[in-house]
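A quick write-up on the structure given underneath.
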Amino acid sequence: MDNNGAEFCVHGDDITLSADGTDTYQIVKDAGRYKECKRTQGVSTTDLVGRMLLMTRANTSSQSSDPGLPSQEEFVSPYTKACNLLQTNSKITQFSSPSNEPKPGDRIVYTAGAFDLLHPGLVDFLEAAKKEGSYLIVGLYEDSVVNEYKGSRYPVQILQERVLSVLANRHVNEVLIGAPYPLTEEVLDHFKIDVVVQGMVHEGDHDSDHFAVARKRGIFKEIDSGSFLKTEDLVMRIIRNRKLFMDRNRQKQIKRAEQHHENGGKRKRREQRRS
């Protein structure tokens, strides 16, 4: 931290334990240079890692047949499993850019995809896409659409989670939720799109050119973000290191259970004093 000029370290209000049960932020906490902020309710890294290990989601019934993977009952704990994300208009507003309307003279850029687990490769692509104009619209496909062209184990994140992730990116001005697949003339006309972009790294198996209407109009462009990272690469990393993540999450489960019982005991003592 000192070498990089950082005054303090910030983390969400969840458990910060490594696989051996060590608090990974204990040093900065002891130094009084740790700050905690409230994380978005219903969005949990632990839960996402669990989904990747199981390759299952709340909105599908598919599970991995790999006998080396943990069962859902073995992996998920009531103390660390995130609740379903409850989407509200105020939550969307919190994640959105201050001004959502394009200004006169803006060159409007459109792209669309799953944008599942918004990783550095996707962030690099969004930055490159924004450079093609001044106002970037990102279309996000429905879970069923992604499921069809990427396979039954995808997407890892449900649509509501993917919306918040993309909205939070500073290069994105607007998100089209449940974008049509393939792209339609109506979308191009409605948003007055000047250019439609696609990255050089393609995820999933598209049976047809889903940007055909943009090619026909001569406004399609393939861009190179300089990154070749894919969502599948992240999933495979997690699965290859599943024992490490399982051990870490079990330690978090134990710690969360201890906190849960401790908080329950405090409430019970308060109630007894009142009576």
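The values are calculated or read from the model by the stated rules, or taken from the named source; none is laboratory data. Small disclaimer: the values here were computed from a predicted structure and weren't measured. Positions of Cβ are backbone-derived with ideal geometry, glycine not excepted, and every protein chain shown enters the neighbour counts. Just the protein is used for accessible areas: all its heavy atoms, side chains included, with ligands, DNA and RNA removed. Shrake-Rupley method; radii C 1.70, N 1.55, O 1.52, S 1.80 Å.
Checked against (1) within 23 Å of the chain's Cα centre (by Cα); (2) over 18 Å from Ala129 (Cβ atoms), Ala212 passes all but a single condition, namely (1).
Among the criteria (1) of a type in the set (D, E, K, R); (2) over 19 Å from Phe228 (Cα atoms); (3) touching a residue at least 24 places away in the same chain (Cβ under 8 Å), the one Glu186 does not fulfil is (3).
Per the conditions (1) under 20 Å from the mean Cα position of the chain (by Cα); (2) under 23 Å from Pro102 (Cα atoms), the sole criterion not satisfied by Tyr154 is (2).
Residues that are at pLDDT 70 or above and of a type outside the set (Lys, Arg) were ranked within region 265-275; the one that is farthest from the chain's Cα centre (by Cα) is Gln272. Counting only residues that are under 20 Å from Arg250 (Cβ atoms) and assigned to a loop (DSSP other than H, G, I, E, B), which one in region 1-17 is most open to solvent (accessible area, probe 1.4 Å)? For region 1-17, the residue satisfying everything is Asp14.
Open to solvent by 50 Å² or more (accessible area, probe 1.4 Å), under 21 Å from the mean Cα position of the chain (by Cα) and closer than 22 Å to Ala129 by Cβ: is that true of His202 in this structure? It is true that His202 is open to solvent by 50 Å² or more (accessible area, probe 1.4 Å), under 21 Å from the mean Cα position of the chain (by Cα) and closer than 22 Å to Ala129 by Cβ.
Rundown of residues vs (1) small (Gly, Ala, Ser); (2) in contact (Cβ under 8 Å) with a residue 60 or more places away in the chain; (3) over 16 Å from Val195 (Cα atoms), yes/no style:
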site: Tyr110; (1), (2), (3): no, yes, no
site: Ala114; (1), (2), (3): yes, yes, yes
site: Leu126; (1), (2), (3): no, no, no
site: Leu136; (1), (2), (3): no, no, no
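Inside region 105-192, counting only strands (runs of 3 or more DSSP E) that do not spill past its ends, which hold 3 or more residues that are open to solvent by less than 10 Å² (accessible area, probe 1.4 Å)?
Filter on region 105-192 gives 108-113, 135-140.
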